[in-house]
Each structure stands twice: as C-alpha cells, then as structure tokens.
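The values are calculated or read from the model by the stated rules, or taken from the named source; none is laboratory data. Here the structure is a predicted model, which is why all the values come from computation and not from measurement. Neighbour counts are summed over all protein chains in view; Cβ atoms, including those assigned to glycine, are modelled from backbone coordinates with ideal geometry.
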Amino acid sequence: MTPTPAPAGHDRIEDREDAGAGRTGSARPPLLRELLLVTALFLVYKFGRFFANGHEARAFRNADRVWDAERALHLPGEETVQQLLLHGEPLVKAANTYYAAVHFPATIAFLVWLYWRRPAHYLWSRRVLALLTGAALALHLLMPLAPPRMLAASGLVDTARIYGPSVYGATPETDSMANQFAAMPSLHFGWALMVAIGLIAATRSHWRVLWLLHPLLTLLVIVGTANHYWFDALAAAALLGLALLAVRAPGRRSAAPPPPVGRTLGATALPAGALR
C-alpha cells in the first residue's frame, strides 16, 4: 500500500501554526497577578535577607578571605576606582546617588516597559530575575560577607556615610532596613546586567549595545563606593549565566521531534511498487 503524500503546502501551514503558537505564547499576562507575584518575590527576598543577620564574625572572616583571594589573583585594587571618585565631591556624591536611587527604579522601569511592549521578553526576564534573586538569597545565607567599606585591611572609605546619601543605618548590626552583611553576590550588578541583556534581546536598534553602559557604570559605582568587592560582581554574573541557561529565551525553539515514519516515506520518492 502506497502511503498518502503530504498535502501541498502542508509544511507552510505548520510553519504558520508554529508562528501563531509563538504569538499566543507571548500574550500579556494578567496585570494584577504579575503585580502580586513580583511584590511577593520582593518581600520574600527582603525578609529572607534578615535571616543572614547575626553572623558578623563569619562575615568578617569571609571578607578577609575574599580580600586575600583578590590580592592573590592580582585583581585591580578597589582603591584604584575609589580614588577616581574622590577627585571631586560632586562626583562621589553622584556615585552614591546612583547606588542608592537607580537600582530598583531602573529594574522596575525595565519590567514595566517589557510588560507593555514585549510580553514574551517580560516573562523571560521576570523568570530569570526571580531565579537570580533566589540564588543570591541562598548565597547570602550560606556566606555572610562584610563589604569592603567595613574591612580595615582594605583602607577604603565609606563614601556614603561621609559624603551621602546613604541607604544603610549607622550601626550595621541593628540596621532594620537592610542586611549589610550580604555583599556577595551583588544584586546591584546582577540586576543591571540582566536589564542590559534583556533590552538588547528585546530591541532591534543598532545602538542597543549601549545598554551595557548601565552594568558597567554600576560595577564602577559599587566598587568605588566600597559597597562590593570585584568577586561580588563576578558571583552575580555567574549566577545570572546559570539562570539564563535554565530559562528558555523568547524565539529559541527546542529541537523538533522526528516526523512520523509515514510522512517521511510519503515525502520521499520511492520506486514504483516498493511497498507492495
């Protein structure tokens, strides 16, 4: 019996169906649900960080190890970046303001824009950020770390405390607003890097690579203000890389399953009577 050949244009129909499925998959999710979900994720992270409090001795021991490891690897000294900022008070105040005021608003603006203009990229970015933030919280709990501004061996200045503005309390052990011993990884850098990657993926402008200036400037700010070590940014980049591998990006199709045997044979020219 000769198998029935596939109808003409069948492959084109399937391609259109695949494209339609992609459009359906990028439908904008319900706004209220997303607001509740993002708020819940933020609160879980915010309150979860407080469980890392009370480990100041471990945090300073880990800080000594990180500092020594960076010197052993001959990484550029954090003080080199800080000296650039300290050339003028307006510059160091601008860096402190960037650290305090850009982190959350930039990420929220990024998600809002994607939600309205690129729903598929919004879902992808939100999932990646959630994975990154969850992994960061786990590392904060496993490895409390005092920032370089608290480490006497670093010789660095706490620029926010001296020049302002500062987002941290004067006494880290009793700070009710933030856990100051959760330096690794730096979510300032991790989120900024994801914002740049997400915008580059979601836009088509020839200038979209300039979004990378945001994480680059963030890196210089977190190091120059002595809030983070180089290793904190490297750890954030590594966790972000794992999250990006775990979440399928928009437009990236999984491998297609092999076609049915009948269709394969039907699409192939066979000698007359081969299947009799």
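Which one of these does residue 74 not meet: (1) on the phi < 0 side of the Ramachandran plot; (2) not in a helix (DSSP H, G or I)?
Tallying (1) on the phi < 0 side of the Ramachandran plot; (2) not in a helix (DSSP H, G or I), residue 74 fails exactly one: (1).
Suppose we keep only residues that are exposed (fewer than 14 other Cβ atoms within 10 Å of the Cβ) and of a type outside the set (A, V, I, L, M) within the stretch 233-258. Which one would you say is modelled with the highest pLDDT?
Within the stretch 233-258, the match that is modelled with the highest pLDDT is 241.
List, please: which pairs have Cβ atoms under 6 Å, are six or more places apart or on different chains, and start with a residue in the stretch 197-220 that is of a type in the set (A, V, I, L, M) and end with one that is surrounded by 14 or more Cβ atoms within 10 Å (Cβ to Cβ) and in a helix (DSSP H, G or I)?
199/211; 200/208; 200/211; 202/121; 212/196; 219/189; 219/233; 220/81
Taking the stretch 185-210, which residues are of a type in the set (Phe, Trp, Tyr) and either under 15 Å from residue 111 (Cβ atoms) or surrounded by fewer than 24 Cβ atoms within 10 Å (Cβ to Cβ) (or both)?
191, 207
Go through the stretch 211-232 and report how many residues are surrounded by 24 or more Cβ atoms within 10 Å (Cβ to Cβ) and either at positive phi or among the aliphatic types (A, V, I, L, M) (or both).
Qualifying residue count, the stretch 211-232: 4.
Condition check: surrounded by 20 or more Cβ atoms within 10 Å (Cβ to Cβ) and touching a residue at least 60 places away in the same chain (Cβ under 8 Å). Does residue 132 satisfy that?
Yes, satisfied.
Within the group 239, 234, which residue is touching a residue at least 60 places away in the same chain (Cβ under 8 Å) and not in a loop (DSSP other than H, G, I, E, B)?
Sole residue among the options that is touching a residue at least 60 places away in the same chain (Cβ under 8 Å) and not in a loop (DSSP other than H, G, I, E, B): 239.
Listed residues 97, 39, 107; which is in contact with a helix residue (DSSP H, G or I) (Cβ under 7 Å, 6 or more places away or on another chain) and hydroxyl-bearing (Ser, Thr, Tyr)?
Step by step, each of 97, 39, 107 is checked, and only 107 is in contact with a helix residue (DSSP H, G or I) (Cβ under 7 Å, 6 or more places away or on another chain) and hydroxyl-bearing (Ser, Thr, Tyr).
Of all residues in the stretch 30-48, count the ones that are touching a Phe, Trp or Tyr at 6+ places or on another chain (Cβ under 8 Å) and under 17 Å from residue 103 (Cβ atoms).
So the answer is 0.
Within the stretch 54-110, can you find the residues that are touching a residue at least 24 places away in the same chain (Cβ under 8 Å), of a type in the set (S, T, N, Q) and out of contact with any strand residue (DSSP E or B) (no Cβ under 9 Å at 6 or more places or on another chain)?
Result: 82, 96, 97, 107.
Confirm whether residue 68 is assigned to a helix (DSSP H, G or I), within 30 Å of residue 231 (Cα to Cα) and either at pLDDT 75 or above or among the charged types (D, E, K, R) (or both).
yes
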